[in-house]
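**Student:** Attaching a single structure in structure tokens format; questions to follow.
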């Protein structure tokens, strides 16, 4: 599936084109309502951010979109196709990739192998083809993997174990692994958490580059307001599992409920 | 004074290694006794079994104690097809592979629901069930009397009877198994299998169907186990249920851990050395397993990557510079 062939059509009633559409999604854990009828639409090649205080359901939303959780209500549409409840590996096959809040790399494998694993959906995986010494796929794929590492600036670390990388490099490797799958949509879960200010600037640039240069749609969960406000085109604000505001950075910044729920509380703390 | 460059030391060591391999391949012609040749045949069969376990436990990280069952199923399938239906050894092999494949899929499917120690318990159950079937389905398997008069395989009209004749056959099968597992480890499928051991969540997030690959690993492992079983049955010409008990699975697990879960050559080396070790410690009777238990414990505490893994690491550290640049693109198994 080439990543550059979006099959998006006009969504009825919206008048626009959107690559990802979440309609009234809800999920509960025991008695806790983690998400309650959350809806959002993301346009192709947008940089869409989801913010909200801790425990507001941002990561839960990602887990639903990427197939790790099955929602109790609502549906997720990707390119107009219903992907609600698809297992994660099939969601990835459609072109939606994600990173993890608590970095989730293949820590005992090399940096290059992590990226090679990321190519899974694009690559030749038939056992006989992989084992018999025909074709030059494997060498070609390794070359492609090195190019992905090059993009995030890790090409010199290819043979190190992923678990031995510094925190910031691990975050970048997660992005390289995602890129290897030639995604249409990337869900980035707090990609700048735990980074120092200069690393954060680098990460922001990298994320913007994904949208501008690679034409990938990015949905971002982030706590750092300077990052979010600096690069987002549209922001959705969650609190206690509900959408309390959405719109441009300006609109969200001045929204009274947002100030109360999120920014206000940070000021008071 | 002897001064050598690292690359020269490396070349000498590699050369010595190949000499050792050549010596092993031509073992029956080097004047060793029939008894040692017999042990070498058994060691070769254990090495194939251990390589099967290496795929599922070493690469995919699924603890399996089912290998003795796969071994037994392969041995009985081949033995019964030749003695009851008069099939030739070579026609039995595809049948053994097919049956083992089904066993592997059956053994791997529980990994849909359970993992870790619970999956290991299921594999223990499989070995016990297989043993009880061999023991109690008397009309088919001969029960405790076992299957007798299993004909040896013939190659070019020659019956491979006795250790000296059988040894080359085992060497060929072991070589093919090593080649297969080595290619597998260094291919994309090997990378994918190892992601399952490392982080299933991350594997699924990049589109890897972890259940499929776990079942695949089990299937490869039982196929190699079944082939080893067939080789065993036609070598000893007599099989009975106790030969395929849980103790064999545990022995293979010791081989994997002492040899190194990520070291192909370590596993082969450990299979050969530990098989011989077990034989030479026979004087200790059942106490010999205490020695192996201590070895296992020592490896888990001091050498978590196994002796093979440790030696590989040492090799890398000593000769990293001597390697041609760019050759270490993918960590070898």
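**Student:** Before we move on, is residue A:123 within 22 Å of the chain's Cα centre (by Cα), outside the structural domain of residue A:66 (by TED's automatic domain parsing), over 14 Å from residue B:202 (Cα atoms) and without any contact (Cβ under 8 Å) to a residue 40 or more places away in the chain?
**Tutor:** So residue A:123 passes the test.
**Student:** Quick one: would you say residue A:151 is in a helix (DSSP H, G or I), surrounded by fewer than 24 Cβ atoms within 10 Å (Cβ to Cβ) and modelled with pLDDT under 90?
**Tutor:** Answer is yes for this residue.
**Student:** Being touching a residue at least 60 places away in the same chain (Cβ under 8 Å), closer than 30 Å to residue B:187 by Cβ and more than 13 Å from the chain's Cα centre (by Cα) is the requirement here; does residue A:132 meet it?
**Tutor:** No, not satisfied.
**Student:** Residues A:258, A:219: which one is modelled with pLDDT of 90 or more and either in contact with a strand residue (DSSP E or B) (Cβ under 6 Å, 6 or more places away or on another chain) or not in a strand (DSSP E or B) (or both)?
**Tutor:** A:219
**Student:** State yes or no: is residue B:216 more than 10 Å from chain A (Cβ to nearest Cβ) and either under 30 Å from residue B:142 (Cβ atoms) or over 13 Å from the mean Cα position of the chain (by Cα) (or both)?
**Tutor:** no
**Student:** Among the residues that make up region B:141-161, is at least one of them outside any loop (DSSP other than H, G, I, E, B), surrounded by fewer than 20 Cβ atoms within 10 Å (Cβ to Cβ) and within 14 Å of chain A (Cβ to nearest Cβ)?
**Tutor:** no
**Student:** Now a separate question. Looking only at region A:68-89, decide whether some residue is closer than 30 Å to residue B:182 by Cβ and either in contact with a strand residue (DSSP E or B) (Cβ under 9 Å, 6 or more places away or on another chain) or within 13 Å of chain B (Cβ to nearest Cβ) (or both).
**Tutor:** Within region A:68-89, one or more residues are closer than 30 Å to residue B:182 by Cβ and either in contact with a strand residue (DSSP E or B) (Cβ under 9 Å, 6 or more places away or on another chain) or within 13 Å of chain B (Cβ to nearest Cβ) (or both).
**Student:** Got a number for residues in region A:176-206 being in contact with a helix residue (DSSP H, G or I) (Cβ under 6 Å, 6 or more places away or on another chain), assigned to a helix (DSSP H, G or I) and buried (at least 24 other Cβ atoms within 10 Å of the Cβ)?
**Tutor:** Qualifying residue count, region A:176-206: 4.
**Student:** Within region B:163-199, take every residue that is over 25 Å from residue A:140 (Cα atoms) and exposed (fewer than 15 other Cβ atoms within 10 Å of the Cβ) and give me the one that is nearest to the other protein chains (Cβ to nearest Cβ).
**Tutor:** B:176
**Student:** Continuing with the same structure: Have a look at B:239, B:257 and point out the one that is modelled with pLDDT of 90 or more and in contact with a strand residue (DSSP E or B) (Cβ under 6 Å, 6 or more places away or on another chain).
**Tutor:** On inspection, the qualifying residue turns out to be B:239.
**Student:** Can you spot a residue in region A:99-109 that is modelled with pLDDT of 90 or more and outside any loop (DSSP other than H, G, I, E, B)?
**Tutor:** no
**Student:** Please find, among B:61, B:69, the residue that is touching a residue at least 24 places away in the same chain (Cβ under 8 Å), outside any helix (DSSP H, G or I) and surrounded by 20 or more Cβ atoms within 10 Å (Cβ to Cβ).
**Tutor:** B:61
The values are calculated or read from the model by the stated rules, or taken from the named source; none is laboratory data. These figures come from a predicted structure and were not determined experimentally. Note: ideal-geometry Cβ built from the backbone for every residue, glycine included; neighbour counts use all protein chains shown.
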